[in-house]
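One structure below.
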Amino acid sequence: MEILVTGGAGYIGCHTCLELLQAGYDLVVVDNLSNSKQASLARVERLTGKSLTFYPIDLLDKAALSSVFARHTITAVIHFAGLKSVNESVAVPLLYYQNNLTGTINLCQVMQQHNVKNLVFSSSATVYGEPASLPITEDFPRSAVNPYGRTKLIIEDILMDLHHADAAWNIILLRYFNPVGAHTSGQIGEDPNGIPNNLMPFITQVAVGRLPELAVFGNDYHTPDGTAVRDYIHVVDLAQGHLAALAKLAQQPGAAIYNLGTGRGYSVLEVIHAFEQATGQKIPYRQAPRRPGDVASVYADASKAFQEMGWRAQKGISEMCRDAWNWQSHNPNGY
Ligand code: NAD
Ligand code: UDP
């Protein structure tokens with residue numbers, strides 16, 4: 001009885017592996033290490049005192065993937081593996097469609113061959129595009145403004161079609177809002193390649209001296225202080241959401257969709273101030289033009305996940321900032 005975690009060496013994946021191991025699950029991890037290092041998993045093993053089985057396999061290699069299913073008794077799959085940079089997806093859309101769509105189709109075909117029909121998929125709040133109102137519930141209309149977002153939208157549709165074709169499939173789509181922070185140990189965390197695109201790793205790299213200052217994208221949004229509002233969620237809360245989803249899968253829910261957010265939005269300036277307060281680090285910043293494709297405000301109605309899975313986020317913005325800084329300050333250059 002093992003859980004397969006695709007993309008388990010990545011940021012959210014390794015935090016989820018840690019929580020799963022601590023909860024007593026046996027894990028098989030598949031990751032091609034295109035955006036991660038195996039060191040994350042070594043640290044997870046050290047932190048938990050437990051081991052997992054790792055295969056450095058690409059989801060595009062269907063035969064290799066199939067051999068993993070042949071070797072293990074897998075009961076459910078948590079599917080994190082995918083490319084996630086919005087900018088890169090605009091520059092090289094075919095790479096994103098091939099990796100994310102073909103990778104997912106291969107995975108589902110191999111699961112079907114081995115009669116494994118329990119899946120948790122990492123979707124994103126990006127599928128809501130510019131929401132007509134707030135907070136966002138799961139039944140809001142979806143749209144995509146870039147190829148990355150479109151891969152999430154298409155994969156959601158593929159997985160829903162799969163469930164409709166064969167009701168034996170149990171599929172949970174988790175729509176993450178903005179994952180930030182790190183495990184409290186400071187041993188695992190977010191380690192982006194190159195200059196970070198996302199706000200929190202940018203802030204921590206400014207704080208640690210790798211970057212000179214933060215550019216705040218836009219100050220003329222329709223928000224209380226003019227900067228854009230997002231629903232930041234602590235990555236450990238998010239990881240625990242996957243344990244709730246696995247428990248839900250055991251009840252054979254068919255297909256289900258849940259927002260994983262806190263339900264509370266923070267502006268960019270609020271995040272900067274929260275970080276300064278939580279860590280005592282000053283963050284130099286300057287106002288910059290809006291970033292193309294950004295929307296003013298996004299935050300979740302996270303009540304469905306609580307009502308149906310008993311999960312809700314526990315950690316607030318100061319813990320997110322403190323833990324992000326704890327990771328970055330102990331690992332200034334990542335893993
Ligand atoms: P990440 O890049 O840290 O992790 C993804 C992992 O998948 C990496 O370890 C990468 O090496 C692996 N991978 C990519 N393509 C693969 C392939 N073809 N075969 C095998 N392994 C492959 O990203 P993350 O932040 O941990 O995100 C995990 C998932 O959650 C992704 O699907 C992402 O799109 C989704 N998501 C992330 C965020 C976020 O802000 N971090 C928000 C919403 C949704
Ligand atoms: N942001 C910013 N400066 C940066 C990176 C991000 O002002 O260097 C803003 C961005 O415009 C958005 C918010 O911070 O309003 C969160 O951005 P991020 O890329 O982390 O997540 P997104 O919500 O875009 O997926």
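What percent does the relative contact order of the stretch 250-321 come to when contacts are Cα pairs within less than 8 Å and at least six residues apart?
Numbers: 52 pairs, mean separation 35.8, N = 72.
It comes to 50 percent, rounded to a whole number.
Quick check: residue separation of ASP139 and GLU276 times 0.36 nm, minus the Cα distance between them. What number comes out in nm?
Details: separation 137, 0.36 × 137 = 49.32 nm, distance 3.65 nm.
Length difference between fully extended and current span is 45.7 nm.
Can you report the principal axis dimensions of the chain using only the alpha carbons, biggest first, rounded to whole angstrom?
Extents along the principal axes, in whole Å: 54, 43, 39.
Counting only helical runs of four or more DSSP H residues, what would the 222 nm mean residue ellipticity of the chain come to if each run contributes -39,500 (n - 2.57) and the total is spread over all its residues? Mind dumping the intermediate values first?
Working: 12 runs with 129 residues, N = 335.
Computed mean residue ellipticity for the chain: -11500 deg cm²/dmol.
Explain nothing, just compute: Karplus ³J(HN,Hα) = 6.51 cos²θ - 1.76 cosθ + 1.60, θ = phi - 60°, for every residue of the stretch 134-139 in order, whole Hz, x for Gly and Pro.
Result, rounded to whole Hz: 9, x, 8, 9, 5, 8.
Based on the Cβ-Cβ distance of LEU95 and VAL208, what FRET efficiency does E = 1/(1 + (r/R0)^6) give at R0 = 30 Å, to the nearest 0.05? Please report the intermediate quantities before stating the final value.
Details: r = 31 Å, r/R0 = 1.02.
For R0 = 30 Å, the calculated efficiency reads 0.50.
Which FRET efficiency value, to the nearest 0.05, is calculated for GLN314 and ALA63 with the Förster distance at 45 angstrom and r the Cβ-Cβ distance?
Working: r = 42 Å, r/R0 = 0.93.
For GLN314 and ALA63, the calculated efficiency is 0.60.
Determine, for each peptide in 20-30, 224-234, the mean count of other beta carbons within 10 angstrom over its residues, then list the peptides with the highest first. Mind showing how you got there, number by number?
Values: 20-30: 19.2, 224-234: 21.8.
The packing order, highest mean first, is 224-234, 20-30.
Near LYS37, which lysines are there with a Cα under 17 Å away, not counting those fewer than 8 places off in the same chain?
LYS84
Dipole of the stretch 87-154, Cα-centred, from +1 at each Lys and Arg C-beta and -1 at each Asp and Glu C-beta, to the nearest 20 debye? Walk me through the numbers before you get to the answer.
Values: 4 positive and 4 negative charges, 39 e Å.
The dipole magnitude comes to about 180 debye.
Would you please state which residues of the stretch 244-259 a label at THR73 would reach in this model, taking the label point 7 Å out along Cα→Cβ and a backbone N cut-off of under 16 Å?
none
About the Cα centre of the stretch 203-305, how large is the charge dipole given +1 on each Lys and Arg Cβ and -1 on each Asp and Glu Cβ? Please answer in debye to the nearest 20.
On the way: 9 positive and 9 negative charges, 44 e Å.
Value, rounded to 20: 200 debye.
What aspartates and glutamates could a cross-link reach from LYS152, if we take a straight Cα to Cα line under 20 Å and drop same-chain neighbours fewer than 8 places away?
LYS152 reaches ASP31, ASP58, GLU88, GLU130, GLU138, ASP139, ASP161, ASP231, ASP294, ASP301.
At 7 Å along Cα-to-Cβ for each site, give me the label-to-label distance between ALA247 and ARG290 in nm.
The modelled label-to-label distance comes out at 4.2 nm.
Read the figures in this text as sums done on the coordinates, not as results from a lab. As the structure is a computational prediction, the values presented were derived from the model and not from experiment. For neighbour counting, all protein chains shown are included, and Cβ atoms are generated from backbone atoms with ideal geometry for every residue, glycine included.
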